[in-house]
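Notes for the one structure printed next.
The values are calculated or read from the model by the stated rules, or taken from the named source; none is laboratory data. None of the values given here were measured: they were computed from a predicted structure. As a convention, Cβ positions derive from the backbone with ideal geometry for all residues, glycine included, and neighbour counts pool all protein chains shown. We work out accessible area using only protein heavy atoms, side chains counted, and drop any ligands, DNA or RNA first. Shrake-Rupley method; radii C 1.70, N 1.55, O 1.52, S 1.80 Å.
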Amino acid sequence: MRLLMTAWSFFPAQEGGTSNSLYWLASGLAQVGYEIRVVTTDRYISHESVQFDKWTHLNGFEVIYQTNYQDKTILYDELRKCDVLLNDGVCKLSYFKLVLKAISQGKSVVLSPRGELMSAAIDHKGTFYGFLKRIFFFIIRLLYWDHVVYHATSEDELSSIHKYMGRYCRSILVPNYMILPDVVNNTFVLNRKDYLLYVGRLNAIKNIDELIRSLLLSNVFLKSNLTLKIAGEKDGEYYEYLLNLIKSLSLEGRVEFLGTVTGEQKNILYANAKCLCLMSKSENFGNVVIEALRQGTPVIASTGTPWQILETTGAGFWIEAKPEDIGRCVDAILSLREIDYLNMRQKASSLSNQFNIFLNIHRWVEIIEEFQGTIHK
């Protein structure tokens, strides 16, 4: 079976979790015999890392990084030859015509919103912008109807899909799975550093400002020599806002911006951290959680993320993203006895195994084959 995957950015781009999630999914499907073709852009990719405008073999599948976003010649040619279209997102107007064309050709279409239908994402640029988005969603709801299936990575995202695309729209719930990174051997035992960690985009939706404010409410943190390390591109208005906030709270020297960290250095950064903190207002998944868990690092995640399992498995905490709650939780994790802390790290490592793409790819195969059957019977 031939599957065409479209993406606004794709590995090795590190714009966000989606770039990696789609790469992992393509790798898993290729391993079980699917012919995968990926058409993407050159966004967030250096000229040294890949060849542009040329088909490239990558981990069992073919991908092309296009520099001319407007040229849809290759995209439509691949659509004609594929059996299934898996489209990244629902908001990009450039793919609207592509989906309609796929429907008219009788292709199976899977749309993966990747958080675009969550309320926080809809309204993050203001009420008027959110209103226009809702109108657009209503239009595509009528045009797509039951010709597509929507992919959610969490229960909350599934509810949002049904809210905007109809209670009875076709939908599937499958969490993100990944190619689990190598474990950094015994780093947390032999060379553990004294820091809390955030990894991801520097964006207001991530609530990093609330995380910083919480440091003043953690007595254990203030009495220690711990720092908060923030890994993410140092750019934009929110980054400047955070710098001013740190200065106003007299936390200079206690918060460090690392810039973008990738590869083995990122794994080491996870492994040596006391814990990872993800306090997002809204998050459809959060790949960084699995990356941290893989290194045996506990996670403190907000209830805006779908990570209640951290509590039930003892691999971390799932709390309200309020400074006072975050401060109490930081106190709790920093006050653990060494044996209890190491036990939590073991549970974190065990939990990460549930998200191995190669052990779970059968779920996607079943979904695609079932959808193919309903479309073409």
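Taking the range 251-273 as the range and being in contact (Cβ under 8 Å) with a residue 24 or more places away in the chain and either more than 16 Å from Val184 (Cβ to Cβ) or in contact with a strand residue (DSSP E or B) (Cβ under 6 Å, 6 or more places away or on another chain) (or both) as the test, the residues that pass are Leu251, Gly253, Arg254, Val255, Glu256, Phe257, Leu258, Gly259, Thr260, Val261, Ala273.
Restricting Ser108, Ser171, Ser94 to those that are touching a His at 6+ places or on another chain (Cβ under 9 Å) and within 20 Å of Ala7 (Cβ to Cβ) reduces the list to Ser108.
Based on this model, can you work out whether Gly232 counts as within 30 Å of Asn356 (Cα to Cα) and without any contact (Cβ under 8 Å) to a residue 12 or more places away in the chain? Taking the combined requirement at face value, the residue does not satisfy it. Of the residues making up the range 310-360, those that are of a type in the set (S, T, N, Q) and either in a helix (DSSP H, G or I) or open to solvent by less than 40 Å² (accessible area, probe 1.4 Å) (or both) are Thr312, Thr313, Asn343, Gln346, Ser349, Ser350, Ser352, Asn353, Gln354, Asn356, Asn360.
State whether the residues of the range 175-182 include one that is free of Cβ contacts under 8 Å to residues at least 12 places away in the same chain and either in contact with a strand residue (DSSP E or B) (Cβ under 8 Å, 6 or more places away or on another chain) or closer than 25 Å to Ile326 by Cα (or both). Scanning the range 175-182, I find no residue that is free of Cβ contacts under 8 Å to residues at least 12 places away in the same chain and either in contact with a strand residue (DSSP E or B) (Cβ under 8 Å, 6 or more places away or on another chain) or closer than 25 Å to Ile326 by Cα (or both), so the answer is no. Phe10 passes every criterion in (1) assigned to a loop (DSSP other than H, G, I, E, B); (2) in contact with an Asp or Glu (Cβ under 8 Å, 6 or more places away or on another chain); (3) open to solvent by less than 10 Å² (accessible area, probe 1.4 Å); (4) not hydroxyl-bearing (Ser, Thr, Tyr) apart from (2).
Can you pull out the residues in the range 293-309 that are farther than 22 Å from Arg213 by Cβ and surrounded by 24 or more Cβ atoms within 10 Å (Cβ to Cβ)? Within the range 293-309, Leu293, Arg294, Gln295, Gly296, Thr297 qualify. Whenever a residue of the range 68-85 is more than 24 Å from Gly33 (Cβ to Cβ), its partners that are of a type in the set (S, T, N, Q) and not in a helix (DSSP H, G or I), lying with C-beta atoms within less than 6 angstrom and at least six residues away or across chains, give the pairs Tyr69/Thr41. I'd like to check something: does the range 128-147 contain any residue that is out of contact with any helix residue (DSSP H, G or I) (no Cβ under 8 Å at 6 or more places or on another chain), more than 30 Å from Gln295 (Cα to Cα), open to solvent by less than 50 Å² (accessible area, probe 1.4 Å) and of a type in the set (A, V, I, L, M)? So far as the range 128-147 goes, no, none of its residues is out of contact with any helix residue (DSSP H, G or I) (no Cβ under 8 Å at 6 or more places or on another chain), more than 30 Å from Gln295 (Cα to Cα), open to solvent by less than 50 Å² (accessible area, probe 1.4 Å) and of a type in the set (A, V, I, L, M). Out of the residues in the range 85-103 that are among the small types (Gly, Ala, Ser) and outside any loop (DSSP other than H, G, I, E, B), state the one that is nearest to Tyr129 (Cα to Cα). Only one residue tops the list, namely Ser94. Can we say Val110 is within 24 Å of the chain's Cα centre (by Cα), part of a strand (DSSP E or B), within 25 Å of Phe10 (Cα to Cα) and modelled with pLDDT of 95 or more? The answer is yes for Val110.
In the range 310-335, the residues that are of a type in the set (Phe, Trp, Tyr) reach residues that are part of a helix (DSSP H, G or I) with C-beta atoms within less than 7 angstrom, at least six apart or across chains, in these pairs: Phe317/Leu310; Phe317/Glu311; Phe317/Cys329; Trp318/Leu310; Trp318/Glu311. Within the range 26-58, the residues that satisfy the criterion of being closer than 25 Å to Ile368 by Cα, among the aliphatic types (A, V, I, L, M) and open to solvent by 10 Å² or more (accessible area, probe 1.4 Å) are Ala30, Val32, Leu58.
If you go through the range 208-237, how many residues are in a loop (DSSP other than H, G, I, E, B) and either over 18 Å from Ile333 (Cβ atoms) or open to solvent by 70 Å² or more (accessible area, probe 1.4 Å) (or both)?
6
Scanning the range 248-292 for residues that are open to solvent by 10 Å² or more (accessible area, probe 1.4 Å), hydrophobic (A, V, I, L, M, F, W, C) and part of a helix (DSSP H, G or I) turns up Ile268, Leu269, Val288.
Does Lys97 qualify as being under 21 Å from the mean Cα position of the chain (by Cα), charged (D, E, K, R) and surrounded by fewer than 18 Cβ atoms within 10 Å (Cβ to Cβ)? So Lys97 does not fit the description; no. Taken over the range 181-201, residues that are modelled with pLDDT under 95 and at negative phi amount to 14. Has the range 75-84 got at least one residue that is under 26 Å from the mean Cα position of the chain (by Cα) and either part of a loop (DSSP other than H, G, I, E, B) or surrounded by fewer than 14 Cβ atoms within 10 Å (Cβ to Cβ) (or both)? No, because not a single residue in the range 75-84 is under 26 Å from the mean Cα position of the chain (by Cα) and either part of a loop (DSSP other than H, G, I, E, B) or surrounded by fewer than 14 Cβ atoms within 10 Å (Cβ to Cβ) (or both).
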